[in-house]
Amino acid sequence: MEHPLLNLLMVVTLLVAALTDLRSCRIPNWLTISAMAGGLFSHSLLNGLSGLLFSAKGLGLGFALFILLYVMGGMGAGDVKLLAAVGSFIGAEAVLSAGIMAMLLGGLYAIAMMVNLYGLRAGMKQIGTLLTYCMLVPGSTRTLTPAKAQPRLRYALVIGLGTLMSQWMEAPVFHLLSSMAH
């Protein structure tokens, strides 16, 4: 249920979220809540009840994908709401791809931040310690290092890039290019 105006609204939402997150380490509620409402309303207006259900399923799955990471202390509530808002625009199937892509990019981003903060050798050691500790004591990532020593990840940018990359990979042009490569 793609519509150019909805895609534009989603991209603007992602851009504003990334800019505010980079500047203030926050994604404002006015942005995420209004984007969710805009996705639900727009799909309802364009496609009636089936559009509302499409949007609501995407919103719910987008929320569900990141809520556990929030509960475990791995991201902020704004990040969860942002992916839910994305889901309200692109639906459940597409938000699953966007969420997985954002998680992959987020992992690379976190590794890069650790290496930047501690250097290559110490960063890799810190990552190993963090992973071991998190597996043994789930939900305790905030107690591993002092709060001031922890890098602040700006996940809105990662969610935006993951969403746009997953949408691009679903585009007919990408399928044509990948079939030509084989």
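Taken together, the values in this text are just the output of simple stated rules run on the coordinates, not laboratory data. Predicted, not measured: the structure shown is a model, and the values here were computed from it. Note: ideal-geometry Cβ built from the backbone for every residue, glycine included; neighbour counts use all protein chains shown.
Can you check what the net charge comes to around F54, using other residues whose Cβ is under 12 Å from the Cβ of F54 (Lys, Arg +1; Asp, Glu -1)? Local net charge: -1. Its residues counted as N, the range 47-104 yields a C-alpha radius of gyration over 2.2 N^0.38 Å of 1.09.
Can you tell me the FRET efficiency between A122 and V16 if r is taken as the Cβ-Cβ distance and R0 is 41 Å, rounded to the nearest 0.05?
Efficiency at R0 = 41 Å is approximately 0.70.
Using R0 = 35 Å, the C-beta based FRET efficiency linking L108 and W30 works out to 0.70. Grab the beta carbon distance between R23 and L164, set R0 = 35 Å, and tell me the FRET efficiency rounded to 0.05. After rounding to 0.05, the efficiency reads 0.95. For the range 18-137, a simple Cβ point-charge model (Lys and Arg +1, Asp and Glu -1, everything else neutral) yields a dipole of about 260 debye relative to the Cα centre.
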